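Below you'll find the structure, written out as structure tokens, and then a few comments.
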Amino acid sequence: MEETIKKPLNPNLQHILDLLKDPSKIVVVQTAPAVRVSLGESFGLPIGSKVTGKMVASLRKIGFKYVFDTDFGADITIWEEANEFYNKLVNNEKLPMFTSCCIGWLNMASKVYKDVVMPLISTTKSPIGCLGAIVKTYFAEKNNFDPKNIVNIAVVPCVLKAQENVLPYNKVNGIPDVDICITTKDLASIIQYLDIDFNSLNDEEFDNPLGESSGGGTIFGRSGGVMEAAVRSAMYIDNKTIFTSKIPFKPSSYSPDIMEASVTIAGKEVNICHCGMMGVRKIVDLIKVNQCPYHFVEVMACPGGCVMGAGQPVHLPKEGVTPIQVRQLRANGLNDIEANQEYRVSMLNPSAKKVYDEYFEGKPGSHKAEEILHRDYSAK
């Protein structure tokens, strides 16, 4: 019988397998929210299938000793970002404030809208950045690891995230928060290359405390999720309100790409919205003439958010499914996960609270949190 010759793995992915064999390296991995509702599609499962447990099991099969959840990082991002917004709101500082977790949006803002928008963007790092920074500080110190020996790999739905982890402001003490970013499709390629039977794997759990998350972290993967999570935490900061209701966003008269709503925070009517790259152009135009009605703006470069990132499995028209249907099925998967989580407000995540109590002086916006979890966009 003729022997089947296995196709070589992409050199960048082979490098990861080589790192896993290096005894001097502590190779950890984290997985973004949207990956868990798309990875299964590479193995014949229905679009939007929830494969969190199998995903974790596959990563351990590959050889990662520590498997962390970027949803935990998303909760940390929201602790900081919601606190940042709340302080601006109650102190009557300049608004709107823009979210900061989408690298496609940051790229555009820094190149096209630099003078107008960059001063208004949250300084909080993205979820992979917050978790990466915690891995190389808190986690390293707790385990007596030299952070220079830790290799932090992020599995993401986005092809641009690799640009984020090399930016000068995504470091702590000169050490990058994230070392390597690979996409959902890349992870599927590694699993297939190693002949791991993904669908037969038993579910496994993330490593804690950096593996526990709230529903607020989970919904980061879809459009509007960052804004909903931030509003929940801002309300909790204000008066300990536990708000988990669906926010009734509706199309704006300014642009069909802008979905808007109003909520009450600190006794003030707050106009919020989420949009893509078309809608943000209109918002920037409104800011230039001092007519922007919004206080808080979420921007995602990919239509539908991270669930439709360019690193996700692709479905062709011949499969009989449209991109809008794919987007909705994956978003539904995240919503289903979120609806069944014990904690749905990021600030109620007990593992996040543990890290804050032990390392960040017990609160968001502390001096240490500013040093580790925030960016200086002027850094060179």
In segment 275-296, how many residues are closer than 23 Å to T183 by Cβ and surrounded by 22 or more Cβ atoms within 10 Å (Cβ to Cβ)? 1
Give the residues of segment 297-311 that are open to solvent by less than 20 Å² (accessible area, probe 1.4 Å) and either of a type in the set (S, T, Y) or within 16 Å of G276 (Cβ to Cβ) (or both), sorted by residue number. V297, E298, V299, M300, G304, G305, V307, G309
Against the definition (over 21 Å from G276 (Cβ atoms) and touching a Gly at 6+ places or on another chain (Cβ under 9 Å)), how does V37 come out, yes or no? no
Of these, V355, V299, V345, which one is of a type in the set (A, V, I, L, M) and either under 23 Å from D257 (Cβ atoms) or touching a strand residue (DSSP E or B) at 6+ places or on another chain (Cβ under 7 Å) (or both)? V299
Residue under question is K54, and the condition is that it be among the charged types (D, E, K, R) and surrounded by fewer than 24 Cβ atoms within 10 Å (Cβ to Cβ); does it hold? no
Residues in segment 312-363 that are hydrophobic (A, V, I, L, M, F, W, C), surrounded by fewer than 20 Cβ atoms within 10 Å (Cβ to Cβ) and touching a Gly at 6+ places or on another chain (Cβ under 6 Å) total 1
Here, helices (runs of 4 or more DSSP H) confined to segment 9-93 with at least 1 residues that are more than 30 Å from M235 (Cβ to Cβ) and in contact (Cβ under 8 Å) with a residue 60 or more places away in the chain are 11-20, 52-62
If I filter segment 73-117 down to residues being in contact with a Pro (Cβ under 6 Å, 6 or more places away or on another chain) and open to solvent by less than 10 Å² (accessible area, probe 1.4 Å), which single residue comes out as nearest to C302 (Cα to Cα)? A74
Mind listing whichever residues of segment 193-212 are open to solvent by 40 Å² or more (accessible area, probe 1.4 Å), more than 13 Å from V67 (Cβ to Cβ) and in a loop (DSSP other than H, G, I, E, B)? L194, D195, D197, N202
Scanning segment 298-326 residue by residue, those in contact with a Lys or Arg (Cβ under 8 Å, 6 or more places away or on another chain), assigned to a helix (DSSP H, G or I) and not β-branched (V, I, T) turn out to be C306, M308
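The values are calculated or read from the model by the stated rules, or taken from the named source; none is laboratory data. No experiment lies behind these values; they were computed from the predicted model shown. Note that each Cβ is placed from the backbone with ideal geometry, even for glycine, and that neighbours are counted across all protein chains shown. We work out accessible area using only protein heavy atoms, side chains counted, and drop any ligands, DNA or RNA first. Shrake-Rupley method; radii C 1.70, N 1.55, O 1.52, S 1.80 Å.
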